[in-house]
Each structure stands twice: as C-alpha cells, then as structure tokens.
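To start, the structure itself, in structure tokens.
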Amino acid sequence: MSDKLIMTVDSGDIVIKLRPDLAPKHVEQITKLVKEGFYDGLTFHRVIPGFMAQGGCPDGTGMGGADNNIPAEFSTENHARGVCSMARAQSPDSASSQFFICLDDASFLDGQYTVWGEVESGMEHVDALPKGEPPVVPGTIVKVVVA
C-alpha cells in the first residue's frame, strides 16, 4: 500500500502521509477515491482561520459525499496543526469523502473524528487557501495522486 498522497492545490503541492495504522478503512476509502479521480477539481468549501480547511464534497456545499459511508475509526491521536481527519454528519459512522486539515490545534475533536493522515510538506499551501464558509472563490483541489 502506498504511504502518501500528493494533493495539488492552486498554490502548490501538499504531501500527506497516510496513517493506516490509525484508520485502515478510511485510508483504503480515500486512496480508492483518489485513484478514481474523485477529488480532482473539487474545492475547499469551508476554511475557518485558526481551525481547519474542509474539502471533498462533490457538490461543493458540504452536504455531498461518495456512495458509501465508513465506520468510525476513532483514536487518541491529537488533532494538531497539519492533521488530516474525516468530516462527518452527526452519526459517528457517516464519514464518506469529506475531510479536513487542521490549521491549528483542534484537540477538542480528539476521539470524535477519524484521523487518517498528516501533512508532511506544503502546509503553507493549506494556509493560503481562501477563507470562508464558503469562500467567495474557493480553493481548488487540482489533482490528487497516490505516491
């Protein structure tokens, strides 16, 4: 299994180390979607300064997802700056395709959201994403590849 994703956004590449040791089902779902080109062209529809940047919604509203949900794989991993975790609805087992990258410490989410990766390089590109809920002109995920 590959251990990294390279996510190209408008300003450059974000290299994400996958964490199958924490969330094997989530890593499997994300890499499958990446290989299908699911994320290519989607936007970061919710970017909150000091908190997180959220993307992976096929309709850009935060209400859509892939065809299936994944059972929660919560861990004690800290939601620190650069941590990649799955967004979900109220049900813990409702994660699908949407994810977020922590812009700062978000430890209040620990044990409630599934951590699946961490940014190894390119955090400056995450920081550069247009802010808003939604941003006036959302940042785009140009392409994601498994490396």
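Name the single residue that is surrounded by the fewest Cβ atoms within 10 Å (Cβ to Cβ) among those in region 91-125 being aromatic (Phe, Trp, Tyr) and free of Cβ contacts under 8 Å to residues at least 60 places away in the same chain. Explain how you work it out, then say what you get.
We begin by selecting, within region 91-125, every residue aromatic (Phe, Trp, Tyr); these are 99-100, 108, 113, 116.
Within this subset, residues satisfying the condition of being free of Cβ contacts under 8 Å to residues at least 60 places away in the same chain are 100, 108, 113.
Working: Phe100: 24, Phe108: 8, Tyr113: 24.
The selected residue is Phe108.
Among (1) modelled with pLDDT of 95 or more; (2) farther than 22 Å from Met123 by Cα; (3) in a loop (DSSP other than H, G, I, E, B), there is one condition Thr61 misses while meeting the rest; what is its number?
Single failed check for Thr61: (1).
Could you check region 71-101 and list, in sequence order, the residues that are charged (D, E, K, R), under 23 Å from Lys131 (Cα atoms) and over 12 Å from the mean Cα position of the chain (by Cα)? Lay out the reasoning, then the answer.
At the first step, the residues of region 71-101 found to be charged (D, E, K, R) are 73, 77, 81, 88, 93.
Going one step further and asking which of them are under 23 Å from Lys131 (Cα atoms), we end up with 81, 88.
The one that is charged (D, E, K, R), under 23 Å from Lys131 (Cα atoms) and over 12 Å from the mean Cα position of the chain (by Cα): Arg81.
Do we find a residue being touching a Lys or Arg at 6+ places or on another chain (Cβ under 6 Å) and among the β-branched types (Val, Ile, Thr) anywhere in region 68-88?
Within region 68-88, one or more residues are touching a Lys or Arg at 6+ places or on another chain (Cβ under 6 Å) and among the β-branched types (Val, Ile, Thr).
Any residue at all in region 9-18 that's acidic (Asp, Glu) and in contact (Cβ under 8 Å) with a residue 12 or more places away in the chain?
Yes - at least one qualifying residue is present in region 9-18.
Any residue at all in region 60-83 that's closer than 19 Å to Pro24 by Cβ, in contact with a Gly (Cβ under 7 Å, 6 or more places away or on another chain) and in contact (Cβ under 8 Å) with a residue 12 or more places away in the chain?
yes
I'm trying to understand the selection: among the residues of region 17-50, which are of a type in the set (Val, Ile, Thr), assigned to a helix (DSSP H, G or I) and farther than 13 Å from Glu73 by Cβ?
The answer is Thr31, Val34.
Looking at Gly132 and the list (1) over 14 Å from the mean Cα position of the chain (by Cα); (2) more than 25 Å from Gly41 (Cβ to Cβ); (3) surrounded by 14 or more Cβ atoms within 10 Å (Cβ to Cβ), which single condition is not satisfied?
Against the list (1) over 14 Å from the mean Cα position of the chain (by Cα); (2) more than 25 Å from Gly41 (Cβ to Cβ); (3) surrounded by 14 or more Cβ atoms within 10 Å (Cβ to Cβ), Gly132 comes up short only on (2).
The values are calculated or read from the model by the stated rules, or taken from the named source; none is laboratory data. Since the structure is predicted, the reported quantities are computational estimates derived from the model, not experimental observations. Note that each Cβ is placed from the backbone with ideal geometry, even for glycine, and that neighbours are counted across all protein chains shown.
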